[in-house]
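Okay, so here's the structure we're looking at.
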Amino acid sequence: MMDKNKGLFLCVDDERIVLHSLRDQLYKHYGKTYVIEIAESAEEGLEILDEFSQDGYIPLIIISDWLMPGMKGDQFFIEAHRRFPHVIKVMLSGQVDSTALQRARDEADMFDVISKPWDAKELIRSIDEGLLHFNSTASGK
């Protein structure tokens, strides 16, 4: 079984206020158990995933916006999935192209989509379900 102190949550959004709000909400629920990182772009998010995984951390949850400058959320999920297929991916966005959502489901095994503005309880519920899914998948292998 995985050392929970080595689990990583990553939040990616180009709006700092969203990132800080997400980080605060996640820290309240998971901060003693998991490392919570934020990134202002998909490219920065991929760098964080790579760096932390090289240091022995296991990327568990990625929460990402869809509409960002540069790489959009669906492409980010696809690339993150290629590198870390086990990671649970949750799209948190105010506007998402339906084709992009389908691509994220098909090519990146996206776990959930939550609309902005989000309800903290809904987000925590989704993450808890994702962690259960991750643990059942990891123990089933």
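Listed values, structure above:
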{"item": "Cβ-defined net charge surrounding Leu49, 14 Å radius [Lys, Arg +1; Asp, Glu -1]", "result": "-4"}
{"item": "Global size of the range 96-135 as Cα Rg and Dmax, reported in angstrom", "result": "11.4, 30"}
{"item": "Whole-Å semi-axes of the ellipsoid equivalent to the range 4-140 (Cα gyration tensor, √5λ, descending)", "result": "19, 17, 15"}
{"item": "Distance between the range 15-35 and the range 77-118 - C-alpha centres, whole angstrom", "result": "19 Å"}
{"item": "Pairwise FRET efficiency - Ala138 versus Arg16, Cβ, R0 = 35 Å, nearest 0.05", "result": "0.60"}
{"item": "Binned Cα-Cα distances of the range 7-69, short to long, each 10 Å bin given as a whole percent", "result": "24, 54, 21, 0"}
{"item": "FRET efficiency for His86 and Lys116, using Cβ-Cβ distance with R0 set to 25 Å, rounded to 0.05", "result": "0.45"}
{"item": "Mean projection area, nm², convex hull over Cα of the range 71-141", "result": "4.9 nm²"}
{"item": "Trypsin sites (Lys or Arg not before Pro) lying in DSSP loop within the range 1-91, provided at most 10 other Cβ fall within 10 Å", "result": "Lys32"}
{"item": "Estimated FRET transfer efficiency when R0 is 25 angstrom, pair Asp97-Ile124 (beta carbons, to 0.05)", "result": "0.40"}
{"item": "Long-range lysine pairs (8 or more apart or interchain), the chain, Cα under 17 Å", "result": "7"}
{"item": "Contact order normalised by residue count of the chain, Cα under 8 Å, 6+ apart, percent", "result": "22 percent"}
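We did not get these values from a lab; they are worked out from the coordinates using the rules stated. Quantities reported herein were computed from a predicted structural model and do not represent experimental measurements. So basically every Cβ, Gly included, is an ideal-geometry build from the backbone, and we count neighbours across all protein chains shown.
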